[in-house]
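These notes are about the structure you will find just below.
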Amino acid sequence: MVRFAHPCVQCIIFLNVIHSSHNVNIKQLEHLLALARTRSFSRAAEQLFITQSALSRSIQALEEELGAPLFDRIGKRNEPTPLGKDVVARAERLVRDAGELRRSAELFMQGEGGSMRIGMGANPGAMLMTPLLCHMAQQHPKVQVAITRGPTELQLMQLRANHLDALIVDARSVAPSADLRVEIVGELRTCFVCRADHPLARLASVTLAQALAYPIASAPLSDEIARLLAELYGPQANPEHMTTLQCEDVGSLIGAVERSQAVFLGLAAAAREGIESGRLVELPVRPRLEANARFAYVTLAGRTEAPVMAVLRAFAAERLRD
């Protein structure tokens, strides 16, 4: 076998061979990736559930097909050559695309079945989780539904690790990234809410200072909402200082407001049921808070989506509105 010293020459040869060859297959590339991860034929073979000799033959056949070695034996480790590193990088994409192709076929065959694994932020979870579970149980009983709650940063890690299929979170909490597809599914206004028999509920106009005389209950607010609060009401509106009761579970916050003299600062839609039933009222705080929360449906860019996920997108768009 011939070793080429310059990586660019090796890249050109690899491109020519991989496009013209009918002998390089996905299984060989999976073997290559396992060896690149472990640097050991024995450990890679163990992970692949094949014999070490079968793995050696697979790698050797790939090297012969490409016309150059892909690994150097350095001590007890097998280190990729310059060509090997380039082949590994390209193989990762090819194997991933092949997996997506298989997954697309599986999803097509599943039809109305399959599963959806969803991550939700505090506010969308408060408005979507229970209604969505009821809707899926009634309208799509064969679909397996799993919903997780937690910080957006953690859920993005789970999405990228393919542990979640989609997120519904505060759009402002997601930094732009080439590997993410972000779709705005709803925009909701923020307000102050209290019990119908609260002392403030009798007032025609309420100042922030009057509201701050009572515990303020709120889920963590986005930096954008915090900035708007400070601009409108001054330093006293800094959420870090004025929030007395803070919780990711907005439903629990609403429950605390219904049972105490706490004032809820959050989405009007989250308190919709209590307001419509007459248990809660929206406070006429002046100046009026003109702050909207934007929610996004987040998936991995380029990933094939299960047909049933369209149900989630439509349901979110319907529910996440005032």
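Criterion first (crowded, with 16+ Cβ neighbours inside 10 Å and closer than 24 Å to residue 127 by Cβ) does residue 200 satisfy it? Against the criterion (crowded, with 16+ Cβ neighbours inside 10 Å and closer than 24 Å to residue 127 by Cβ), residue 200 does not qualify. For region 36-74, a residue qualifies if it is free of Cβ contacts under 8 Å to residues at least 12 places away in the same chain and crowded, with 18+ Cβ neighbours inside 10 Å, and exactly one does: 45. Looking only at region 146-166, residues that are more than 17 Å from residue 308 (Cα to Cα) and among the aliphatic types (A, V, I, L, M) come to 5 in all. Residues in region 122-152 that are touching a residue at least 60 places away in the same chain (Cβ under 8 Å) and crowded, with 18+ Cβ neighbours inside 10 Å: 122, 123, 124, 125, 126, 127, 128, 132, 136, 143.
Looking only at strands (runs of 3 or more DSSP E) that fall completely inside region 219-322, which ones have 1 or more residues that are touching a residue at least 60 places away in the same chain (Cβ under 8 Å), closer than 30 Å to residue 144 by Cβ and out of contact with any strand residue (DSSP E or B) (no Cβ under 6 Å at 6 or more places or on another chain)?
Result: 292-300.
Taking the listed residues 208, 180, 154, 200, the one that is more than 24 Å from residue 269 (Cβ to Cβ), in contact with a strand residue (DSSP E or B) (Cβ under 8 Å, 6 or more places away or on another chain) and hydrophobic (A, V, I, L, M, F, W, C) is 180, with no other qualifying. Would you confirm whether or not region 231-241 contains a residue that is over 18 Å from residue 290 (Cα atoms) and at pLDDT below 95? Looking for residues that are over 18 Å from residue 290 (Cα atoms) and at pLDDT below 95, one finds at least one in region 231-241, hence yes.
Whether any residue in region 220-227 is among the polar types (S, T, N, Q) and in contact with a Ser or Thr (Cβ under 9 Å, 6 or more places away or on another chain) is what I want to check. Break it down into steps so the answer makes sense when it comes.
So in region 220-227, the residues among the polar types (S, T, N, Q) come out as 222.
Add one more test, that the residue is in contact with a Ser or Thr (Cβ under 9 Å, 6 or more places away or on another chain), and what stays is 222.
Scanning region 220-227, I find at least one residue that is among the polar types (S, T, N, Q) and in contact with a Ser or Thr (Cβ under 9 Å, 6 or more places away or on another chain), so the answer is yes.
The values are calculated or read from the model by the stated rules, or taken from the named source; none is laboratory data. Note that the structure is a prediction, hence the values are computed from the model and not measured. Every residue, glycine as well, gets a Cβ built from its backbone with ideal geometry; the counts of neighbours run over all protein chains shown.
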